[in-house]
Amino acid sequence: MRTHLGSLRLAQLVQELSRLPGIGQKSATRIALHLLEGDAEAARALSEAILEMKAHVHPCRRCGAIAEEDECELCRDPRRDPHSLCVVGQPTDIFSMERAAVFRGRYHVLGGLLSPLEGVDPSDLRLAELELRVRAEAVREVVLALAGTVEGEATALFVARMLTGHPVSVTRLATGIPVGGDLEYVDEVTLERAFAGRRPLG
Ligand SMILES: [Zn+2]
């Protein structure tokens, strides 16, 4: 552990912070010093917010999105069409779709994308849950909103094949999603166009 900071406790906080995504050693040190110089109340509020989130926020039992109740707000919203499902990789992809405001159905979060290279196989994703929902909720349309990567492509094909034989149309967002692009970085207009141009699969 680096001790040039003059305090093991400070060094420990810097180490914890530098594990966060996008935070390097330098930023971690700056944040830690900021917390050290700030008042105790602000530091307490931050640590409490983290603990509260860990205690009360979990995946939605139905769709896998972020929820505080058993089911998320979108799953509980009676105005959303239960027969139309949008399949995404990560819960954050739902924010992108909702920002574009083109989809009025419900979501299903896979929890990742298929990747033989990284050892992510079908059993690691919420694919069985998806098939179950398609049957149990009489889903008529499945829209695949997956990244334009090799992993996104492989996952889309797998889902299309898995749902063959179910009375459901499977489409995939088409134009505009850049090859290699994550949904997170696609602007609303592009996403809106991609949604309108979704094409059948399988
Ligand atoms: Zn949900």
Shape parameters for the chain, alpha-carbon atoms, Rg then Dmax in Å = 20.6, 66
Inter-site label distance for D39 and E141 at 7 Å from Cα along Cβ, in nm = 5.3 nm
With a 1.4 Å probe and every protein chain left in place, work out the accessible area per residue of segment 43-130 in Å², rounded to a whole number.
-> 57 Å²
For segment 64-169, what D do you get in µm² per second when you plug the Kirkwood radius from alpha-carbon pairs into Stokes-Einstein at 4 °C and 1.567 mPa s?
-> 92 µm²/s
Separation between Cα centres of segment 1-37 and segment 90-169, rounded to whole Å = 38 Å
Considering only DSSP beta bridges where both residues belong to segment 31-122, give the percentage that are antiparallel (nearest 5).
-> 40 percent
Packing-wise, with mean Cβ within 10 Å as the measure, how do 26-34, 142-150, 92-100 rank, highest first?
-> 142-150, 92-100, 26-34
Okay, helix-only estimate at 222 nm for the chain: each DSSP H run of n ≥ 4 adds -39500 (n - 2.57), divide by all residues, round to 500 deg cm²/dmol; what do you get?
-> -13000 deg cm²/dmol
The farthest towards the positive end of the charge dipole of the chain, of the residues G6, L144, L17, given +1 on Cβ of Lys and Arg and -1 on Cβ of Asp and Glu, is L144
Taking the dipole of the chain about the Cα centre (Lys, Arg +1; Asp, Glu -1; charges at Cβ), the one of L36, A65, T171 that reaches farthest to the positive side is T171
Please give the length that would be gained between D121 and R80 if that part of the chain were fully extended, namely 0.36 nm times their separation in residues minus their C-alpha to C-alpha distance (nm, one decimal).
-> 11.7 nm
Got a number for carbon plus sulfur as a percent of the chain's accessible area, 1.4 Å probe?
-> 56 percent
Return the inverse of the average 1/r over all pairs of distinct C-alpha atoms in segment 1-108, which is the Kirkwood hydrodynamic radius, in Å to one decimal.
-> 16.9 Å
Percent antiparallel among DSSP beta bridges confined to segment 82-172, rounded to 5, stands at 10 percent
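The values are calculated or read from the model by the stated rules, or taken from the named source; none is laboratory data. All figures in this text were calculated on a predicted structure; none of them were measured in a lab. Here the Cβ is made from the backbone with ideal geometry for all residues, glycine too, and neighbour counts use every protein chain on show. Please note that ligands, DNA and RNA were not included when accessible areas were found on the heavy atoms of the full protein model with its side chains. Shrake-Rupley method; radii C 1.70, N 1.55, O 1.52, S 1.80 Å.
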